[in-house]
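Colleague: For reference, the structure I am asking about is given below.
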Amino acid sequence: MAALDDLVAELERSYLETQRRMSDPAVYNDHREVAGAGRKLKELEGPYKLAQQWKQARADLDAARNDPELAEMASGYAADLERLEEELKLSMVERDPADDKDVIVEIRGGEGGEEGKLWAGDLAKLLQRYAERRGFTWEEIEVAPSDSGGLKEGVFAIKGDGAYSVFKYEGGTHRVQRVPETESQGRIHTSTATVAVMPEAEDVDVEIADSDLKIDVYRSSGPGGQ
């Protein structure tokens with residue numbers, strides 16, 4: 001319990017320090033700093049609230065154990081404390097820093113010829129519906145359809161908080177076994193499509209000093225030389 005107390009104390013310190021940074025004019029006027037602080041605050045908010053509930057549950061359990069009139073409630077408080085403790089530990093597991101970012105998805109038809117391209121098109125529609133049900137925005141960036149109405153390749157953006165944390169598991173090769181629309185004899189074919197999932201890169205301000213530039217000027221001689 002002492003170790004968890006130390007973790008909670010550090011969590012609270014970090015949460016309050018990040019809140020302070022968000023209100024600091026020096027941070028507020030720097031869009032990169034305020035974006036980073038905002039992401040960290042959002043990441044800490046859930047564990048911080050759980051920590052407060054855990055502390056209250058522990059106080060309730062201590063009170064029940066020391067008050068005969070509340071003794072019959074002690075088992076319920078103990079169960080709440082155990083549940084909150086597990087949830088708190090899980091919430092403080094280090095997350096992938098890219099989890100909150102938007103996503104770029106690339107889908108390409110694989111094995112199976114034209115049927116592979118049809119499967120790639122179906123897969124894009126499935127991922128789009130899943131994204132929209134989760135409250136994300138789906139945007140087409142670049143799409144190359146196949147002659148049969150499938151998808152040779154396509155690049156899409158999925159936008160929304162936590163998009164990468166959801167879709168990073170969709171990367172890889174997706175297979176389907178079915179009777180293709182292009183199959184006239186009813187035979188089952190195996191077709192594949194590949195999906196690449198990447199967190200969307202953030203805009204970065206880059207400053208290049210004049211001293212870092214090397215400019216060479218060349219002049220040619222002869223007729224027409226400049």
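The values are calculated or read from the model by the stated rules, or taken from the named source; none is laboratory data. As the structure is a computational prediction, the values presented were derived from the model and not from experiment. Note that each Cβ is placed from the backbone with ideal geometry, even for glycine, and that neighbours are counted across all protein chains shown.
Matching residues to (1) over 30 Å from Asp60 (Cα atoms); (2) buried (at least 20 other Cβ atoms within 10 Å of the Cβ); (3) in contact (Cβ under 8 Å) with a residue 60 or more places away in the chain; (4) under 16 Å from the mean Cα position of the chain (by Cα):
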| site | (1), (2), (3), (4) |
| --- | --- |
| Ala78 | no, no, no, no |
| Glu82 | no, no, no, no |
| Leu88 | no, yes, yes, no |
| Gly110 | yes, no, yes, no |
| Glu115 | yes, yes, yes, no |
| Asp122 | yes, no, no, no |
| Lys125 | yes, no, no, no |
| Arg129 | yes, no, no, no |
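Colleague: Which count do you get for residues in the stretch 97-139 that are under 16 Å from Glu43 (Cα atoms) and in contact with a helix residue (DSSP H, G or I) (Cβ under 7 Å, 6 or more places away or on another chain)? Walk me through how you get there before you give the answer.
Modeller: As a first pass, look at the stretch 97-139 and keep what is under 16 Å from Glu43 (Cα atoms): 97-102.
This time we only want the ones that are in contact with a helix residue (DSSP H, G or I) (Cβ under 7 Å, 6 or more places away or on another chain), so: 98-102.
Within the stretch 97-139, residues that are under 16 Å from Glu43 (Cα atoms) and in contact with a helix residue (DSSP H, G or I) (Cβ under 7 Å, 6 or more places away or on another chain) number 5.
Table: residues versus (1) among the charged types (D, E, K, R); (2) without any contact (Cβ under 8 Å) to a residue 40 or more places away in the chain; (3) in contact with a strand residue (DSSP E or B) (Cβ under 7 Å, 6 or more places away or on another chain); (4) not in a helix (DSSP H, G or I).
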residue	(1), (2), (3), (4)
Ala3	no, yes, no, no
Val8	no, no, no, no
Ser14	no, yes, no, no
Ala37	no, yes, no, no
Gly46	no, no, no, no
Ala51	no, no, no, no
Lys55	yes, no, no, no
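A quick yes/no check of all residues on (1) among the aromatic types (Phe, Trp, Tyr); (2) touching a Phe, Trp or Tyr at 6+ places or on another chain (Cβ under 6 Å); (3) outside any strand (DSSP E or B):
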position: Lys40; (1), (2), (3): no, no, yes
position: Tyr77; (1), (2), (3): yes, no, yes
position: Lys89; (1), (2), (3): no, no, yes
position: Val105; (1), (2), (3): no, yes, no
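Colleague: Quickly run through the stretch 158-181 and pick out the residues that are more than 21 Å from Pro97 (Cα to Cα), surrounded by 14 or more Cβ atoms within 10 Å (Cβ to Cβ) and in contact (Cβ under 8 Å) with a residue 60 or more places away in the chain.
Modeller: Answer for the stretch 158-181, where residues must be more than 21 Å from Pro97 (Cα to Cα), surrounded by 14 or more Cβ atoms within 10 Å (Cβ to Cβ) and in contact (Cβ under 8 Å) with a residue 60 or more places away in the chain: just Pro180.
Here's the yes/no breakdown for (1) under 29 Å from Asp100 (Cβ atoms); (2) surrounded by fewer than 17 Cβ atoms within 10 Å (Cβ to Cβ); (3) at pLDDT 80 or above:
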{"residue": "His31", "(1), (2), (3)": "yes, yes, no"}
{"residue": "Val34", "(1), (2), (3)": "yes, yes, no"}
{"residue": "Pro47", "(1), (2), (3)": "yes, no, yes"}
{"residue": "Asp60", "(1), (2), (3)": "no, no, yes"}
{"residue": "Leu70", "(1), (2), (3)": "no, yes, no"}
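Colleague: Now for a different question. With the checklist (1) touching a residue at least 60 places away in the same chain (Cβ under 8 Å); (2) surrounded by 21 or more Cβ atoms within 10 Å (Cβ to Cβ); (3) not in a helix (DSSP H, G or I) in hand, flag the one item Ala98 doesn't pass.
Modeller: Status for Ala98: all satisfied but (2).
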